[in-house]
Amino acid sequence: MKTEEINLILHFLAKFITLSSFITLIGILVGLAFLAPENKGCFEPSRLQKFLAPVSLAWLLSSIFFLMSEVAFILNTPISEVIDGNILRSFITQTTLGKLFEIQIVAALVCAFAAVRVKKTGGAVFLIFIAWIGGLAPYLESHGSGAGNHMLAIGLVIVHVAAISLWFGGVVALFLMSKSDREIARKRFTPLALWCVSAIALTGVVNAFIRIESFANIRSDYGVLVILKTGIFIFVLALAAYSRKKLGEQNFTKQLIQELILLTTVLVLGVFLGQGEPPAHSSADVVEAIGIKMPESPTLSRLLFEYEPDGLFLALLILAVALYVKGVMILSKRGDKWPIGRTVAFALGITAIDYAVNGGLGVYAQVAFSFHMISHMVLATLAPIGIVLGAPITLALRTLPIGRTQDERGVRGYAIAILHSRYSSIITHPVSALIIFEASLFALYFTNLFNWLMSYHFGHFFMGLHFLLSGILLFFVIIGVDPTPQKSPFIFRIVILFVAISIHAFFSVALISSSQLVDGGYFAEIARPWWPDFLADQKMGASIGWAMGEIPILLALIATFLQWIRADERDAKRIERNSNRARQFGEPDELDKYNQYLSGLNQRNGSPDKTDKEANN
């Protein structure tokens, strides 16, 4: 066999084994964290624990093998030559894909070391996120990343693989469990599987349409594989629905085996699709740094109606809306009312995020600093106000499922434990929130970090996500209506807001006064044909950011004053109610008790008149 053919086979096997071990690891961790019985956050004895360490080690070794086969496949050289450290070192340090593989291997190494030590469900949840970071990292450079709509294509692939890891991995976990644990776990797994199936179907259809581009390409080899994969996926769903309805508990193991065989077939086809090249190719007009065509000179209509979705951000927004609506529906079924104002506030916050990331503002934010700064301010100051006033934490605590037994924490118990953890107490302190919010401005715009993040597809996502989360954190501790680990005095919150205004003003003045470009040449590199004066655009962006940053903080200041007044009114009414209740029962109220206390002090120390007479004598 030729070297090219051998490399192709090795690359396919390495990718399949790596993906399979990653999915199995996610399934075992999900099973330990959410499906299998637990006791106050600690694992109960389970068969899943025996498989955790071997599967973690398998993922680590297969990831290393995948890296070597990837290099051999790209360079078309025997894999024995790739083992040379210089080739691997150059690939890891000099290419984006190599760095992403390094992230995967490091994540697999962390999971392998932690697998033998983790004993609590919280540790399993932490390892799920570590495994996701590593397992999904290489997909940031999938062959959708070089085509148009790259952020949509990449985001859809990541969501698709993450949902598959939960569903397929969950089925593997159920199969590995003992019969008694399986009976307990399957009821909780069913709603999770429905959410995953919905995500897989939606992302698969949209991603296939993007890659195939037109119905004429359905007859291509890539299109045939897509149709075959879709058909098997639909058959798996039909089989699962029929089996759960007809077979009952006794044949559940048989059903799991059937699903595993079919899902493995779907996985094989998915790896084949990943090996092939989709018929839709990148246009010559697509700017590689942003993955779309260079937008024309901005106009009001283009700012309002342009839309280039970031698939991952869009998926997070859809998930947030779906969970919020689901929570409101649960309360409605109970007969509880959820304030319509909170729902409207949350909807406005989500809309602002979508416009700042995916709408016309998000499109132009990638090519002009002034629009980037507007997007930054919307994500960091305007949208968070709507989100925190929507009270999502309160809604979650009222609707999340509780433990299945008295000793089990359940999903709601996880949320409460996180809310009251030491880490939450630290980051929700107003000073910590202020530091995270303001320090990131200087760290981003006065270092090379801004240029580095803007130069990569995933950098846009993480930068926007940081803006949003830091803003939500600040406004959560200042004006939030959700429960917090600690309630700060209103006067302290007001001081924090005044400090935030001062720091933001200082940052804006420093940026306006700067004669150097903070983008490190990024905007010049993408060569937009309009607004050629980059320094003037930067100064305008700093001025806009100053104004847009001050207004929401001033609004938060007013809201804090109003909350302070309302809190005093509530305290006064509470004291009055307690006083009336005490007087009805002939008992002294708080004011009477205080007067009695002062009278007692006066009697012990002697009256002023008596003291004066004794002093005269």
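The values are calculated or read from the model by the stated rules, or taken from the named source; none is laboratory data. Remember, predicted model here, so these are calculated numbers, not experimental data. For neighbour counting, all protein chains shown are included, and Cβ atoms are generated from backbone atoms with ideal geometry for every residue, glycine included. Calculation scope for accessible area: heavy atoms of the full protein, side chains included, ligands and nucleic acids excluded. Shrake-Rupley method; radii C 1.70, N 1.55, O 1.52, S 1.80 Å.
Filtering region 86-112 to residues that are open to solvent by 30 Å² or more (accessible area, probe 1.4 Å), within 24 Å of the chain's Cα centre (by Cα) and of a type outside the set (Val, Ile, Thr) leaves Leu97, Lys99, Glu102, Leu109. The helices (runs of 4 or more DSSP H) found entirely in region 1-112 that carry 1 or more residues being under 18 Å from Phe175 (Cβ atoms) and in contact (Cβ under 8 Å) with a residue 40 or more places away in the chain are 3-30, 47-75. State whether one or more residues within region 300-312 are among the hydrophobic types (A, V, I, L, M, F, W, C) and over 30 Å from Pro532 (Cα atoms). Scanning region 300-312 turns up at least one residue that is among the hydrophobic types (A, V, I, L, M, F, W, C) and over 30 Å from Pro532 (Cα atoms).
Within the bounds of region 474-494, is there any residue that is closer than 18 Å to Ser375 by Cα and not acidic (Asp, Glu)? Scanning region 474-494 turns up at least one residue that is closer than 18 Å to Ser375 by Cα and not acidic (Asp, Glu). In region 528-550, of all residues being touching a residue at least 40 places away in the same chain (Cβ under 8 Å) and farther than 17 Å from Leu441 by Cα, the one that is surrounded by the most Cβ atoms within 10 Å (Cβ to Cβ) corresponds to Asp537. Quick one: count up the residues across region 113-122 that are surrounded by fewer than 20 Cβ atoms within 10 Å (Cβ to Cβ) and touching a Leu at 6+ places or on another chain (Cβ under 9 Å). Residues flagged as surrounded by fewer than 20 Cβ atoms within 10 Å (Cβ to Cβ) and touching a Leu at 6+ places or on another chain (Cβ under 9 Å) within region 113-122 amount to 2. Residues that are among the acidic types (Asp, Glu) and open to solvent by less than 80 Å² (accessible area, probe 1.4 Å) within region 71-85 comprise just one, Asp84.
Apart from one condition, Leu314 fits all of (1) assigned to a helix (DSSP H, G or I); (2) open to solvent by 30 Å² or more (accessible area, probe 1.4 Å); (3) in contact with a Lys or Arg (Cβ under 9 Å, 6 or more places away or on another chain); the exception is (3). Taking helices (runs of 4 or more DSSP H) as the structural unit, those lying wholly within region 342-455 and holding at least 3 residues that are within 20 Å of the chain's Cα centre (by Cα) correspond to 369-377, 383-389, 392-399, 410-419, 422-427, 430-445.
Here the condition is being open to solvent by less than 20 Å² (accessible area, probe 1.4 Å) and modelled with pLDDT of 85 or more; of Leu453, Leu465, Leu517, Leu511, it holds for Leu511 alone. Taking Ile416, is it more than 27 Å from Leu140 (Cβ to Cβ) and open to solvent by 60 Å² or more (accessible area, probe 1.4 Å)? No.
Can we say Ser502 is assigned to a helix (DSSP H, G or I) and either of a type in the set (Asp, Glu) or more than 23 Å from Thr299 (Cα to Cα) (or both)? The answer is yes for Ser502. Beta carbons closer than 8 Å, at least 6 apart along the sequence or on distinct chains, pair a first residue in region 450-462 that is under 9 Å from Ile290 (Cα atoms) with a second that is of a type in the set (Phe, Trp, Tyr) and part of a helix (DSSP H, G or I) for Met454/Tyr522; Ser455/Tyr522.
With respect to Arg117, determine if the residue is in a loop (DSSP other than H, G, I, E, B) and of a type in the set (D, E, K, R). Yes: the conditions hold for Arg117.
This table checks each residue for (1) among the hydrophobic types (A, V, I, L, M, F, W, C); (2) more than 16 Å from Ile105 (Cα to Cα); (3) in contact with a Phe, Trp or Tyr (Cβ under 7 Å, 6 or more places away or on another chain).
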| residue | (1), (2), (3) |
| --- | --- |
| His11 | no, yes, yes |
| Ala14 | yes, no, yes |
| Val30 | yes, yes, no |
| Leu60 | yes, no, no |
| Ser63 | no, no, no |
| Phe66 | yes, no, no |
| Asn86 | no, yes, no |
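Restricting region 275-285 to residues that are in contact with a helix residue (DSSP H, G or I) (Cβ under 9 Å, 6 or more places away or on another chain) and surrounded by fewer than 18 Cβ atoms within 10 Å (Cβ to Cβ) leaves a set whose member that is modelled with the highest pLDDT is Glu277. For region 377-400, filtering for residues that are open to solvent by 10 Å² or more (accessible area, probe 1.4 Å) and in contact (Cβ under 8 Å) with a residue 60 or more places away in the chain leaves 12.
Selection of region 422-433 for residues being farther than 13 Å from Phe475 by Cα and either in contact (Cβ under 8 Å) with a residue 24 or more places away in the chain or in contact with a helix residue (DSSP H, G or I) (Cβ under 9 Å, 6 or more places away or on another chain) (or both) yields Ser424, Ser425, Ile426. When we screen Phe490, Phe446, Phe498, Phe476 for residues that are at pLDDT below 85 and open to solvent by 20 Å² or more (accessible area, probe 1.4 Å), the only hit is Phe490. Here Arg188 fulfils each of the conditions (1) open to solvent by 40 Å² or more (accessible area, probe 1.4 Å); (2) under 18 Å from Leu262 (Cβ atoms) apart from (2).
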